[in-house]
1. What do you reckon, is Thr10 buried (at least 16 other Cβ atoms within 10 Å of the Cβ) and over 29 Å from Lys70 (Cβ atoms)?
2. Could you list all residues from region 69-93 that are in contact (Cβ under 8 Å) with a residue 60 or more places away in the chain and either in contact with a Gly (Cβ under 7 Å, 6 or more places away or on another chain) or loosely packed, with under 14 Cβ neighbours inside 10 Å (or both)?
3. For region 43-62, check the following and say yes or no: at least one residue is loosely packed, with under 13 Cβ neighbours inside 10 Å, more than 13 Å from the chain's Cα centre (by Cα) and under 24 Å from Ala2 (Cβ atoms).
4. Which one is farthest from His25 (Cα to Cα), of the residues in region 62-102 that are aromatic (Phe, Trp, Tyr) and not in a helix (DSSP H, G or I)?
5. Being under 15 Å from the mean Cα position of the chain (by Cα) and part of a helix (DSSP H, G or I) narrows it down to one of Leu4, Leu22, so name that one.
6. I'd like to verify a number: residues in region 40-59 that are aliphatic (A, V, I, L, M) and outside any strand (DSSP E or B), how many?
7. Which one of Gly34, Gly43 is in contact with a strand residue (DSSP E or B) (Cβ under 6 Å, 6 or more places away or on another chain), free of Cβ contacts under 8 Å to residues at least 40 places away in the same chain and on the phi > 0 side of the Ramachandran plot?
8. Please go through (1) touching a Lys or Arg at 6+ places or on another chain (Cβ under 6 Å); (2) modelled with pLDDT under 95 for Pro51 and return the number of the only condition it doesn't satisfy.
Amino acid sequence: MAQLLVMYKTPKDPAAFNKHYLEKHVALAKKIPGVKKYEISRGPVATPAGPSGYHLVAVLQFDDLAAIHKAFASAEGQLAVADVQTFATGGADIVMFDSVPA
């Protein structure tokens, strides 16, 4: 499996971010081809030392890294990426990696 991790930094207006994310972006992200599992954080995003600079974390699971690249080259993937620019006023960090059971 492979994971795509999207870490949304604290937005200028958290309430507006939450509204857009939950009412619009989730539906777009679920249409991305190849998504096997989609989870988001609930509540504060923290570090072992305390608060972090992140407001929300999304984890999308795919078959492999090639599937992630293919997914985001699709029209649905491009639409979801473009939508991020409309609500993620704090920016976002995105990483992807292959994963295996430990």
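1. Details: buried (at least 16 other Cβ atoms within 10 Å of the Cβ): yes; over 29 Å from Lys70 (Cβ atoms): yes.
Yes.
2. Across region 69-93, the qualifying residues are Thr86, Gly91, Asp93.
3. No.
4. So the first thing to find is which residues in region 62-102 are aromatic (Phe, Trp, Tyr), and the list is 62, 72, 87, 97.
Adding the requirement that they be not in a helix (DSSP H, G or I) leaves 62, 97.
Values: Phe62: 18, Phe97: 22 Å.
For region 62-102, the residue satisfying everything is Phe97.
5. On the way: Leu4 fails: part of a helix (DSSP H, G or I).
Sole residue among the options that is under 15 Å from the mean Cα position of the chain (by Cα) and part of a helix (DSSP H, G or I): Leu22.
6. Of the residues in region 40-59, the ones aliphatic (A, V, I, L, M) are 40, 45-46, 49, 56-59.
Of the ones still in play, those that are also outside any strand (DSSP E or B) are 45, 49.
Number of matching residues: 2.
7. On the way: Gly43 fails: in contact with a strand residue (DSSP E or B) (Cβ under 6 Å, 6 or more places away or on another chain).
That would be Gly34, the only listed residue that is in contact with a strand residue (DSSP E or B) (Cβ under 6 Å, 6 or more places away or on another chain), free of Cβ contacts under 8 Å to residues at least 40 places away in the same chain and on the phi > 0 side of the Ramachandran plot.
8. With (1) touching a Lys or Arg at 6+ places or on another chain (Cβ under 6 Å); (2) modelled with pLDDT under 95 applied to Pro51, the lone miss is (1).
The values are calculated or read from the model by the stated rules, or taken from the named source; none is laboratory data. None of these values were measured; they are calculated from a predicted model. Positions of Cβ are backbone-derived with ideal geometry, glycine not excepted, and every protein chain shown enters the neighbour counts.
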